[in-house]
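Peer 1: Let me begin by handing over the structure; questions about it come next.
The values are calculated or read from the model by the stated rules, or taken from the named source; none is laboratory data. This is a predicted model, so every value here is computed, not measured. Virtual Cβ from ideal backbone geometry, glycine too; neighbours counted across all protein chains shown. For the accessible areas, the whole protein counts, side chains as well, though only heavy atoms, and no ligand, DNA or RNA atoms are used. Shrake-Rupley method; radii C 1.70, N 1.55, O 1.52, S 1.80 Å.
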4 protein chains.
Amino acid sequence: MYRFSSDYCEGAHPRILEKLIHTNDEQTAGYGEDRYCRAAAELIRQRCRSRNAAVQFIPGGTLANLTVAAACLRTYQGVLCAHTGHILTHESGAIEATGHRVIPLPSENGKITAGQIQEALNAYRNDPVREHLVQPKLVYISQSTEVGTVYSLQELEDISAVCRQNGLYLYIDGARLGYALAASDVTLADLARLADIFLIGGTKIGALFGEALVIPNPALQEDFRTIVRQRGGLMAKGRLMGLQFLALFEDGLYFDIAEHANKMAQVIRRACVDAGFGFLSDSPTNQQFPILPNALVSRLSRDFDFSLWQDMGDGTHAVRFCTSWATTFSAVESLAEAIRNGA
Amino acid sequence: MYRFSSDYCEGAHPRILEKLIHTNDEQTAGYGEDRYCRAAAELIRQRCRSRNAAVQFIPGGTLANLTVAAACLRTYQGVLCAHTGHILTHESGAIEATGHRVIPLPSENGKITAGQIQEALNAYRNDPVREHLVQPKLVYISQSTEVGTVYSLQELEDISAVCRQNGLYLYIDGARLGYALAASDVTLADLARLADIFLIGGTKIGALFGEALVIPNPALQEDFRTIVRQRGGLMAKGRLMGLQFLALFEDGLYFDIAEHANKMAQVIRRACVDAGFGFLSDSPTNQQFPILPNALVSRLSRDFDFSLWQDMGDGTHAVRFCTSWATTFSAVESLAEAIRNGA
Amino acid sequence: MYRFSSDYCEGAHPRILEKLIHTNDEQTAGYGEDRYCRAAAELIRQRCRSRNAAVQFIPGGTLANLTVAAACLRTYQGVLCAHTGHILTHESGAIEATGHRVIPLPSENGKITAGQIQEALNAYRNDPVREHLVQPKLVYISQSTEVGTVYSLQELEDISAVCRQNGLYLYIDGARLGYALAASDVTLADLARLADIFLIGGTKIGALFGEALVIPNPALQEDFRTIVRQRGGLMAKGRLMGLQFLALFEDGLYFDIAEHANKMAQVIRRACVDAGFGFLSDSPTNQQFPILPNALVSRLSRDFDFSLWQDMGDGTHAVRFCTSWATTFSAVESLAEAIRNGA
Amino acid sequence: MYRFSSDYCEGAHPRILEKLIHTNDEQTAGYGEDRYCRAAAELIRQRCRSRNAAVQFIPGGTLANLTVAAACLRTYQGVLCAHTGHILTHESGAIEATGHRVIPLPSENGKITAGQIQEALNAYRNDPVREHLVQPKLVYISQSTEVGTVYSLQELEDISAVCRQNGLYLYIDGARLGYALAASDVTLADLARLADIFLIGGTKIGALFGEALVIPNPALQEDFRTIVRQRGGLMAKGRLMGLQFLALFEDGLYFDIAEHANKMAQVIRRACVDAGFGFLSDSPTNQQFPILPNALVSRLSRDFDFSLWQDMGDGTHAVRFCTSWATTFSAVESLAEAIRNGA
């Protein structure tokens, strides 16, 4: 049984593990105040061409998202996001438990547009009883999205412009950022220029665990570590995250992993196209969502683990196949063959 | 510069690291629903002689503490703890951000007594306007405490009895539990019998990261994973914590580490006693709090890193020396000698 | 300029005011622990035929709603309601600030159905990753609804049955309950039998201010006053609400007011029907939502104050006319005439 | 049985009630957007000599306090107050439910000093791990205090100066402000000059209900009404509060009431002094806290209702006698005589 169910089925990329092994006996300060965290933060700043960005490591994505909400929002402000946004669909109400509403916008392909954001804002501003409403203040987008799609540079420029013109914060959840960077014209420097705060995911791109929050907007940097502490995200052995991000960024490993996984995903994609199957979304990244006949889904389930994403109601299912740093060519070839045979 | 500043200066105990290395390429389900987490939970249940306890792994201590508060308390209920309790002193208001008051009780040696708890409850109950008060509902104690001391079995029996007679929940924060177990007559089975929920710390006792919440009280088990998810504590690669706790508990490594660190701490303790210095607390565990002349403190600071705990105001400081799985005999001997020479 | 903009344009019904004047110099205990609050609560229990219901007075509706959420929900649980529900649309995120998600269900005529609730629950329960979701626990419905419609007894029976079969709490927000009671086959005793907790609105039905929360479900009664205190709803001169509810319920004034206002609203309704205008909703209560040509809306605005509810986009607007205890026949006749003339 | 148990035993001062009666049939806009609220706010601004202060009416004190906390604080910030402060002792954890810690300072006579605030701040700032602490940001003081005492102008100047030098907000809870103004050299204009936000209490000084929050600091004015709405404090018939504050401030009624009640309290005070009894606090306002022998307390209880404040443990009790707008000379004389006889 080979697992295509997620990009967190395996441990860490060997080069990351090596780094942890090598430094294991070394003594450092705790809570991320060590030289590895400092070096990793500096490296990320360089890659982002953002000299003054703050960089904060956080053990997981939900924790990062709720910490961002706590840092960005006053009590009556809410978060705009796609109706497929992770904070709305799969975090058990983490943002609401932090006191804030998540306001979904209907979404095509997992993405929202600058126009939709402007419209939501206009609706708020033009409402004669807006004092009785939740005020939109933070825009949450995922790159790559929950259905594998990617915002183009132009789309991000537009969203950022709308946010800045209207005093909104833009947060980009990059739990799977690497895959998007490898599949698009957007660079880390673009993100640092366009977002107020964004996440460079580690867990789903080869790390054991850990995400890096990059905060280019100085207004959001003040006392950020205290908020992280309060929400439980400051790790005693914080250096572990610094070390992993060093490994990911010092020789381009982050991009190599992403490129590999995207390529493996394209093998699956091509098999589905060849077999005449459609897709839920047009994904250039490591998540593929083909729509397969239920009989084929059953057959594939014997040899492969993957997610049933959506019952299309017509005898087919959209499913998710996910690749990672560890996915082998032989594994995707077996799956591709099984798909082609099943058509 | 040798660090005695904490028990999280180094990485993981080699046997824990080995386990991670060995299983790194294996594929498993995410979010702690893998066989390693199941096996580790089962092992912990056995060690606790508590067949029906739930076991939930959480990446860090503050996150564990606030999750426990969220799970145990209704909106108007608060937590009783020693005025030195970690949730009061060093978690940036994590419990309050979860909506609940921390109610400090004056404490000797980092501990509170059954009598104090009963008294606080009586004060609440006998107050004619108790409807305007915060209701004490959860008792938080640390084992070992923030100043290294240890509750005896009798003390725990008494506290547990008071809690049960009065419908309070008892939570034992065992971020440094191993050191307490190794230094006292209390067993894991005792804790499972006496507490409603307790923490077996990993981070500070040899793991890379990770704590195990043990929940013997079935009333607290319902939907606990959802609360963990909501607060950001459910790790995608959850198996990492299962693996580490397997390593810690399958051959008694947890106790070996604790015993070693306690022994190393005793070497430091003896040197202080020999040199005629007093202590802030009477600690049999891996944290020692001698009261040293400021001049000696300065001298020691050249070669050793440790914490200034409290300015005693009379030309002396209480300092903290902390040992870990990695502390070597030669290191403590150097420190001991420096202390003896400084007397 | 006559105001049909709401049912809270005037002060209190004279008989309520009289009661306050009569008792003004009397001394009583504070915080609702006086004989008037006790008598009013007892009277409400009688009218509800619910011997053991708790009755708690609260100064306003939003405060009542958020207090109910705080009392009913554990941290990861949310509220199901119509997408037009007041807690979603006009309370500035009060429920989210209390830590809980409001989960909207698409609604016809301001109402949701037992079937929709069951479906939402099934979707939650059948989701393989339901541990990552918000758990539906409380159902919020308004009677009468935000668009003036009324749940029939059968609809309420069905909703209540679904809630009980599934362990959900049912909360009925009766900010405008009287108008619904006067226009339907549903009685207070039905509500007390079918709901876990419900609100008998005062502010919008003749009181100066004040709502009565009735809590038939004993599980929700424990320490309820403390929660009210915590959220700021326990008034020092609590007797004022007891007195007002005494006035409302001792001689059927509550029903007389509602009947009067409903009758006045029907005059407006008939004028619209006669003039050939349609309605946004089919309301038998004191709020009417006719759809009028923009030109007529402009003309009416010169002499009457009312709410623009929705731009229909075709040269018409749905507007809201609202009547109250104080609405005179001559006022509604003037409006009716203006409408008929404008057709 | 005459009640000296509080200043909210009776209804409203007749002139306030008259105002409500007179305007009862009038139609106005809701939610405080009417001419009476505007006029009352303007009057208060004049009395405060603060042209740009915002004025917001709120139905009760606890609601006002928690709304202020929500408006002033970021997630990791806390409130400094006297250990006798109302928000700590009698609001069921309202501030913590809003997400913030209340940090008590030991207090003499219900008051804290500028020095204590500076000290608390220094302790925070000089703590090497201050990132793990709650950051003090808001200072809460009561005027008059919970034990009847009053801050002098100099004390307020000093506290305000410390707050401004250190970027803290100063909030003055004036639930009983009138009594303090009548008994000291402090004016409303002083408060508006020295505080960032303060409360002019109505409920306990002759109103049926209602408090006025005055917000001189423009940084705290933004979207304040939305926060009030979210917390449940925006009343539909908001004009009721505007009307009452008009009555209180247009002819100096607020000060007349306070002066009367203070004078009545002095009669009680003198009787205690004459009889040789001591006091818990040195109160020039409407609350008196004499320390009486238990036998006398019992005897007085037959004819008078008052609060047992503190068992002194030596056969005496500190009790509280409270006077109001309605307290008659004959009532205080009876009490005074009973006290003198009991000596």
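Peer 1: Only one of these conditions is not met by residue D:239: (1) within 15 Å of residue D:45 (Cβ to Cβ); (2) within 14 Å of chain C (Cβ to nearest Cβ); (3) not aromatic (Phe, Trp, Tyr). Which number is it?
Peer 2: (1)
Peer 1: When the residues of the stretch C:21-65 are filtered to those that are more than 21 Å from residue C:223 (Cα to Cα) and without any contact (Cβ under 8 Å) to a residue 60 or more places away in the chain, which remaining residue is farthest from the other protein chains (Cβ to nearest Cβ)?
Peer 2: C:46
Peer 1: Have a look at A:28, A:23 and point out the one that is under 30 Å from residue D:129 (Cβ atoms), touching an Asp or Glu at 6+ places or on another chain (Cβ under 6 Å) and modelled with pLDDT of 95 or more.
Peer 2: Exactly one residue qualifies, and that residue is A:28.
Peer 1: Take the stretch C:128-151 and flag every residue that is open to solvent by less than 40 Å² (accessible area, probe 1.4 Å) and part of a loop (DSSP other than H, G, I, E, B).
Peer 2: C:133, C:134, C:143, C:144, C:145, C:146, C:147, C:148, C:149, C:150, C:151
Peer 1: Mind checking which residues of the stretch C:127-143 are of a type in the set (S, T, N, Q) and more than 16 Å from residue C:162 (Cβ to Cβ)?
Peer 2: Within the stretch C:127-143, C:142, C:143 meet the criteria.
Peer 1: Also, quick follow-up: Considering only residues that are closer than 18 Å to residue B:159 by Cβ and among the hydroxyl-bearing types (Ser, Thr, Tyr), look in the stretch B:172-193 and name the one that is surrounded by the most Cβ atoms within 10 Å (Cβ to Cβ).
Peer 2: B:184
Peer 1: Quick check on my filter: what residues within the stretch D:218-229 are touching a Phe, Trp or Tyr at 6+ places or on another chain (Cβ under 7 Å) and open to solvent by 10 Å² or more (accessible area, probe 1.4 Å)?
Peer 2: Scanning the stretch D:218-229 gives a single hit, D:223.
Peer 1: What number of residues within the stretch C:103-127 satisfy the criterion of being open to solvent by 10 Å² or more (accessible area, probe 1.4 Å) and either touching a Cys at 6+ places or on another chain (Cβ under 6 Å) or not in a loop (DSSP other than H, G, I, E, B) (or both)?
Peer 2: Total meeting the criteria: 16.
Peer 1: Moving to a separate point now. Can you tell me which residue in the stretch D:279-316 is farthest from residue D:334 (Cα to Cα), limited to those that are aliphatic (A, V, I, L, M) and either in contact (Cβ under 8 Å) with a residue 60 or more places away in the chain or surrounded by 13 or more Cβ atoms within 10 Å (Cβ to Cβ) (or both)?
Peer 2: D:312
Peer 1: A follow-up question, please. Go through the stretch B:329-343 and count every residue that is open to solvent by 50 Å² or more (accessible area, probe 1.4 Å) and touching a residue at least 24 places away in the same chain (Cβ under 8 Å).
Peer 2: Of the residues in that region, 6 qualify.
Peer 1: Go through the stretch B:66-93 and count every residue that is touching a residue at least 60 places away in the same chain (Cβ under 8 Å) and more than 17 Å from the chain's Cα centre (by Cα).
Peer 2: Final tally of qualifying residues: 7.
Peer 1: Pick from C:90, C:83: which is within 14 Å of chain D (Cβ to nearest Cβ) and modelled with pLDDT of 95 or more?
Peer 2: On the way: C:83 fails: within 14 Å of chain D (Cβ to nearest Cβ).
Every option except C:90 fails the conditions.
Peer 1: Looking at this structure, is residue C:234 in a loop (DSSP other than H, G, I, E, B), open to solvent by 10 Å² or more (accessible area, probe 1.4 Å), within 14 Å of chain D (Cβ to nearest Cβ) and in contact (Cβ under 8 Å) with a residue 24 or more places away in the chain?
Peer 2: So residue C:234 passes the test.
Peer 1: Inside the stretch B:265-300, can you point out the residues that are part of a helix (DSSP H, G or I) and in contact with a Pro (Cβ under 7 Å, 6 or more places away or on another chain)?
Peer 2: Scanning the stretch B:265-300 gives a single hit, B:272.
Peer 1: Hey, another quick one. Anything in the stretch D:51-69 that is assigned to a loop (DSSP other than H, G, I, E, B) and open to solvent by 20 Å² or more (accessible area, probe 1.4 Å)? List them, or say none.
Peer 2: First pass over the stretch D:51-69, keeping only residues assigned to a loop (DSSP other than H, G, I, E, B): D:51-53, D:59-60.
Those that are assigned to a loop (DSSP other than H, G, I, E, B) and open to solvent by 20 Å² or more (accessible area, probe 1.4 Å): D:51, D:52.
Peer 1: Yes or no: residue B:113 among the polar types (S, T, N, Q), under 30 Å from residue D:124 (Cα atoms) and within 14 Å of another protein chain (Cβ to nearest Cβ)?
Peer 2: So residue B:113 fails the test.
Peer 1: Any chance the stretch B:175-191 includes a residue that's within 13 Å of another protein chain (Cβ to nearest Cβ), of a type in the set (A, V, I, L, M) and in contact (Cβ under 8 Å) with a residue 60 or more places away in the chain?
Peer 2: Yes: one or more hits.
Peer 1: If you go through the stretch C:153-174 one residue at a time, how many are assigned to a loop (DSSP other than H, G, I, E, B) and more than 17 Å from residue C:192 (Cβ to Cβ)? Explain how you work it out, then say what you get.
Peer 2: Of the stretch C:153-174, the ones assigned to a loop (DSSP other than H, G, I, E, B) are C:166-168, C:174.
Then keep just the ones that are more than 17 Å from residue C:192 (Cβ to Cβ); that gives C:166-168.
Residues in the stretch C:153-174 being assigned to a loop (DSSP other than H, G, I, E, B) and more than 17 Å from residue C:192 (Cβ to Cβ): 3 in total.
Peer 1: Return yes when residue D:241 is at pLDDT 95 or above, open to solvent by less than 10 Å² (accessible area, probe 1.4 Å) and assigned by TED's automatic domain parsing to the domain that holds residue D:156 and no when it is not.
Peer 2: For residue D:241, the condition - at pLDDT 95 or above, open to solvent by less than 10 Å² (accessible area, probe 1.4 Å) and assigned by TED's automatic domain parsing to the domain that holds residue D:156 - is met.
Peer 1: Okay, moving on. Is the stretch A:70-79 home to any residue that is buried (at least 21 other Cβ atoms within 10 Å of the Cβ), assigned to a helix (DSSP H, G or I) and among the hydroxyl-bearing types (Ser, Thr, Tyr)?
Peer 2: No, that holds for no residue.
Peer 1: How many residues are open to solvent by 10 Å² or more (accessible area, probe 1.4 Å) and touching a Lys or Arg at 6+ places or on another chain (Cβ under 9 Å) when one looks only at the stretch C:248-278?
Peer 2: 3
Peer 1: Which pairs have Cβ atoms under 7 Å, sit 6 or more apart or on different chains, and link a residue in the stretch C:126-139 that is of a type in the set (Asp, Glu) to one that is open to solvent by 20 Å² or more (accessible area, probe 1.4 Å)?
Peer 2: Qualifying pairs under 7 Å: C:127/C:133; C:131/B:225.
Peer 1: For the stretch C:194-215, state whether one or more residues are outside any strand (DSSP E or B), at pLDDT below 95 and surrounded by fewer than 24 Cβ atoms within 10 Å (Cβ to Cβ).
Peer 2: No, the stretch C:194-215 has no match at all.
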